[in-house]
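J.: Next up is a structure, given as structure tokens.
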Amino acid sequence: MVNDVGAQCIAPDDNNAPPLLDIRAITFGYGHRPLLYDVQLTVRKGEMVGLLGPNGSGKTTLLRLISGVLQPWQGTILLDGRDVRAWGRRGMARLVAVVPQELPVPFAFTVEQMVRLGRTPYLNLLGNLTHDDLRIVRDAMRAADIEQQAHAIYNELSGGERQRVIIAMALAQQPTLLLLDEPTAHLDIRYQIDVLERVRRLNRETGVTVIAAMHDLNLAARYFPRLVLFQRGVVADAGPAEVLEPHLLRRVYGVNVQVGILRGAQHLSVLPPGDSLSPGNGQEVAAPRVHVMAGGGSGEVLMRALADAHIPFSAGALNIGDSDHTLALRLAHEVITEQPYTPISPQVQERVRTRLSQVAVLIVCPMPLGPGNIALLQEALEAARRGVQVLLLAPTGSDVLSQATGQPNSSSTPPSEDDLLQQIDILERDYTQGAATALVRQLLQSGAHPVQSVGETIDIARIYAIL
């Protein structure tokens, strides 16, 4: 594998080999409020993975779960094929090293004393360092280029120098997995590059697996061949070119950016909208005239079809962790997001109402309807009464529905409302004791249009999208 500046890197283990880290459907939160929901992630030995996401997205929490400091509410984290909880503190300390943003030290420890702390998991009952321990400490200091400062006081060093000491301390643990929590935070550009160059060299020379939470997208693109975009769950997991996609970054970070190839370099560059990489960049995009209401995977085929047809659309409200939410973040021009496990809040409902006041067509997918999302149907009904064309997408086609949409039908009798409700399958999806069914009936009376296929929906949406 060749990185962006041409240095030779150790390739990760074979794809068929068991992963070093296997995160299986973990859910976690603080208090009673979930923060991470159904997170799935695997990392092979020798990989360098950059973890991206806005503040509060759960990056640091995920690192703490991986290191065993926190325990997930649900799900399992396997390290080298074994549950993290089964390794014990000493076992985890020998496998995983953590480099935090800052490490406050209340004592006047020297650099060498700090690095020696990395050997704590290997000390005997007397707590003495062996000749091998001392050799490993010296090697770690040499790798971090702090040998000349061995007797300096840690707290008197600059931020970049202290970060190198923390890395040396982590190396003294001889870990299989190195976790870094925003290692370049609060550092000037010289030390940012210095830290990441050393981490990459260690990965290349020793094969240590690296997962780093990063806030600088440009540095992440330059130093990490695999990026995981995180927003309380995995939104995207691929190389920099696929993950650092402008529309995706705008939806996750809430800011317009441009992404392009800098002249003379082979890495991506993320710029604010005021700058330009090429003529025409940074122009405002008109708000989409198509909105999608979905959930529980009901909108997957439709959203992919809209994207394939180059029809801009917005989506929501969708709960974090819902598969439709994850896909919408990649494909939709705007996503209205609600927290996991929570009903539609008044604030989010108001955002939906505002969005529907700007669209020409609303597509309601065959999603399960319960007390948590029935507010969306209420907003759909109000939109229909204002003249927005509402399309009710059925799970499957039918002869009755074909007639309702103007297609040939062997029967000359127009379908009744009850027939349409049955074909839309609302009775099977209504978990509100009939309230959702009543709203759908009112939608039909207000001019909502049942559609039997995604293809037909795309044909109609295309007309409204260009009006």
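J.: Could you list, in sequence order, the residues of the stretch 101-129 that are modelled with pLDDT of 85 or more and part of a loop (DSSP other than H, G, I, E, B)?
T.: Within the stretch 101-129, A108, F109, L129 meet the criteria.
J.: Now for a separate question. Identify, please: which residue in the stretch 82-91 is of a type outside the set (F, W, Y) and surrounded by fewer than 22 Cβ atoms within 10 Å (Cβ to Cβ) and is, among those, nearest to P18 (Cα to Cα)?
T.: Result: R82.
J.: Which of the residues belonging to the stretch 375-387 are over 27 Å from the mean Cα position of the chain (by Cα) and not in a loop (DSSP other than H, G, I, E, B)?
T.: Within the stretch 375-387, L377, Q378, E379, A380, L381, E382, A383, A384, R385 qualify.
J.: Further, regarding this structure: Kindly indicate whether any position in the stretch 217-230 is touching a residue at least 40 places away in the same chain (Cβ under 8 Å) and on the phi > 0 side of the Ramachandran plot.
T.: No, there is no match, as no residue in the stretch 217-230 is touching a residue at least 40 places away in the same chain (Cβ under 8 Å) and on the phi > 0 side of the Ramachandran plot.
J.: Within 30 Å of G29 (Cβ to Cβ), in contact with a Phe, Trp or Tyr (Cβ under 7 Å, 6 or more places away or on another chain) and surrounded by 20 or more Cβ atoms within 10 Å (Cβ to Cβ): does that describe L79?
T.: Here the answer is yes, as L79 does meet what is asked.
J.: Just to verify a result, which residue in the stretch 304-331, among those that are small (G, A, S) and within 18 Å of M367 (Cα to Cα), is modelled with the lowest pLDDT?
T.: Of everything passing the filter in the stretch 304-331, G321 is modelled with the lowest pLDDT.
J.: Further question: How about the stretch 335-344: which of its residues are surrounded by fewer than 19 Cβ atoms within 10 Å (Cβ to Cβ) and at pLDDT 85 or above?
T.: Across the stretch 335-344, the qualifying residue is only P343.
J.: Residues that are assigned by TED's automatic domain parsing to the domain that holds L117, buried (at least 16 other Cβ atoms within 10 Å of the Cβ) and charged (D, E, K, R): find the helices (runs of 4 or more DSSP H) completely inside the stretch 137-244 holding 3 or more of those.
T.: 159-172, 189-206
J.: Which one is nearest to M92 (Cα to Cα), of the residues in the stretch 57-76 that are outside any loop (DSSP other than H, G, I, E, B) and either touching an Asp or Glu at 6+ places or on another chain (Cβ under 7 Å) or touching a residue at least 60 places away in the same chain (Cβ under 8 Å) (or both)?
T.: Residue satisfying both the conditions and the ranking: S67.
J.: Looking at (1) under 21 Å from R353 (Cα atoms); (2) charged (D, E, K, R); (3) at pLDDT below 75, which one does E417 not meet, given that it meets all the others?
T.: So the condition that E417 fails would be (1).
J.: Now for a different question. Give just the number: which of (1) more than 28 Å from G254 (Cβ to Cβ); (2) surrounded by 21 or more Cβ atoms within 10 Å (Cβ to Cβ) does G58 not satisfy?
T.: Single failed check for G58: (1).
The values are calculated or read from the model by the stated rules, or taken from the named source; none is laboratory data. Model, not experiment: these values are computed from the prediction. Methodologically, a virtual Cβ is constructed for each residue, glycine included, from the backbone with ideal geometry; neighbour enumeration extends over all protein chains shown.
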